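K.L.:
Okay, here's the structure, questions in a sec.
What follows draws every value from the coordinates through simple rules; no lab data is involved. Treat the numbers as computed from the prediction; the structure is a model and nothing was measured. Positions of Cβ are generated from backbone atoms using ideal geometry, with glycine treated the same way; all protein chains shown enter the neighbour counts.
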Amino acid sequence: MPPFIAQSPDQLPGPDRILSMSGLDFMRGILDGTVSGPPIGELMNYQLDQVEEGRVVFRGAPDFATMNPMGTVHGGWYGTLLDSCMGCAIMTTVPKGSLYTTLEYKVNINRTVPVGTKVLAIGVVQHAGRTTGVASGEIRGAQDGRLYATGSTTCMVFTPNPA
C-alpha cells in the first residue's frame, strides 16, 4: 500500500492509536500506508523512504516554494528535513505507550541543494535511553552521495499521563 498523507486533522492518527503501537511499528505503518503520514512531508516535498530500528531515510527534493529571497533553498528546509529524519529515527526505538519530542537540534549546511535535486535524509540513533534519545542526520544527494548538510538532535522520551 502506498504512503497515505493526511489531508485533514481527522485523518491524523490520534494519541490512542499512536500509544497503542511501538514507535517502530508506528513508523512502519506510515511507510506501508496503514497509518497516515504527516502533511509536513507534502508541504516540504519529502516522504518516508526506509524504516528500521534506529534508522530512517526520507527522500525528497526542494522545490520553488522552498526558496528564500536570494534564490537558494531556505535553511528551514534543511532543518525541517533533518528534524524529521533524526526524530523519526528516535521514534523507532520508543516503546509502546511512549512518545518523543525534540528538545533541541543543530544543523550544519555544507552547501546549497539546487532546487529539484533529489536527496536522501538519513537519521541514525546514537543513544536510545528511557528518557532521552540522541541522533545524527545527513542530507546527501540521492544519485551521487554528495553531502549537503548534517545535524544532531536530542529528544525527550515520555509516557503521557492519562487524562
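K.L.:
Computed FRET efficiency, Cβ-Cβ of residue 16 and residue 50, R0 30 Å: what is it to the nearest 0.05?
P.N.:
Plugging the Cβ-Cβ distance into 1/(1 + (r/R0)^6) gives 0.65.
K.L.:
Right, another one. How far apart, in nm, are the 7 Å Cα→Cβ label points at residue 112 and residue 156?
P.N.:
3.7
K.L.:
Check which residues have an amide H placed less than 5 Å from residue 149's amide H, if you skip close sequence neighbours.
P.N.:
110, 139
K.L.:
Now for a separate question. Applying the Karplus parametrisation 6.51 cos²θ - 1.76 cosθ + 1.60 with θ = phi - 60° to the phi angles of the stretch 102-111, what ³J(HN,Hα) value in whole Hz is obtained for each residue in order, glycine and proline being reported as x?
P.N.:
Computed from phi, the couplings for the stretch 102-111 are 6, 8, 7, 8, 10, 10, 10, 8, 7, 7 Hz.
K.L.:
Let me ask you something else. Quick check on packing: order 9-19, 78-88 by the mean number of other C-beta atoms within 10 Å, highest mean leading.
P.N.:
The most tightly packed comes first, giving 78-88, 9-19.
K.L.:
With point charges of +1 on the Cβ of Lys and Arg and -1 on the Cβ of Asp and Glu, referenced to the Cα centre of the chain, which listed residue (71, 128, 110) lies farthest in the positive direction of the dipole?
P.N.:
It is 110, whose Cα lies furthest towards the positive end.
K.L.:
Once phi is turned into ³J(HN,Hα) by the Karplus curve 6.51 cos²θ - 1.76 cosθ + 1.60 with θ = phi - 60°, what whole-Hz value does each residue of the stretch 63-73 show in order, with x for glycine and proline?
P.N.:
With the stated coefficients, the stretch 63-73 comes to 10, 3, 5, 8, 7, 9, x, 7, x, 10, 5 Hz.
K.L.:
Summing +1 for each Lys or Arg and -1 for each Asp or Glu, what net charge is found among the other residues whose Cβ lies under 15 Å from the Cβ of residue 40?
P.N.:
Net charge in that neighbourhood comes out at -2.
K.L.:
In square nanometres and to one decimal, what's the mean projected area of the convex hull around the Cα atoms of the stretch 9-158?
P.N.:
Answer in nm², one decimal: 8.6.
K.L.:
First select every other residue whose beta carbon is under 14 angstrom from the beta carbon of residue 27; then total the charges, Lys and Arg +1, Asp and Glu -1.
P.N.:
Summing Lys/Arg as +1 and Asp/Glu as -1 gives -1.
K.L.:
Explain nothing, just the number: relative contact order of the stretch 1-89, from Cα pairs under 8 Å at least 6 residues apart, as a whole percent.
P.N.:
Rounded, it is 24 percent for the stretch 1-89.
K.L.:
Here's a follow-up. Using modelled amide H (1.01 Å from N, peptide plane; none on Pro or chain starts), what sits under 5 Å from the amide H of residue 94, excluding residues fewer than 5 places away?
P.N.:
Sorted by chain and number, the residues that satisfy this are 23, 24.
K.L.:
Given the options 24, 154, 14, identify the residue whose Cα lies farthest towards the positive end of the charge dipole of the chain (+1 on Cβ of Lys, Arg; -1 on Cβ of Asp, Glu).
P.N.:
Sorting the options by dipole projection puts first 154.
K.L.:
Also, quick follow-up: Whole-Hz ³J(HN,Hα) for each residue in the stretch 81-90, computed from phi via Karplus 6.51 cos²θ - 1.76 cosθ + 1.60 with θ = phi - 60°, x for glycine and proline: what do you get?
P.N.:
Running phi through 6.51 cos²θ - 1.76 cosθ + 1.60 with θ = phi - 60° gives 5, 5, 4, 5, 5, 6, x, 5, 4, 5 Hz.
K.L.:
Determine, at each q value in 0.23 (inverse angstroms), the log₁₀ of I(q)/I(0) that the Debye formula gives when each Cα of the stretch 1-97 is one equal point scatterer.
P.N.:
Results for the stretch 1-97 at q = 0.23 Å⁻¹ read -1.21.
K.L.:
For residue 132, which sequence-distant residues (separation of 5 or more, or a different chain) have an amide H within less than 5 Å of its own amide H, given hydrogens modelled in the peptide plane?
P.N.:
So residue 132 has HN proximity to 157.
K.L.:
Now for a different question. In whole angstrom, how far apart do the alpha carbon centroids of the stretch 82-113 and the stretch 116-151 sit?
P.N.:
Value for the Cα centre distance between the two parts: 9 Å.
K.L.:
First select every other residue whose beta carbon is under 13 angstrom from the beta carbon of residue 148; then total the charges, Lys and Arg +1, Asp and Glu -1.
P.N.:
+2
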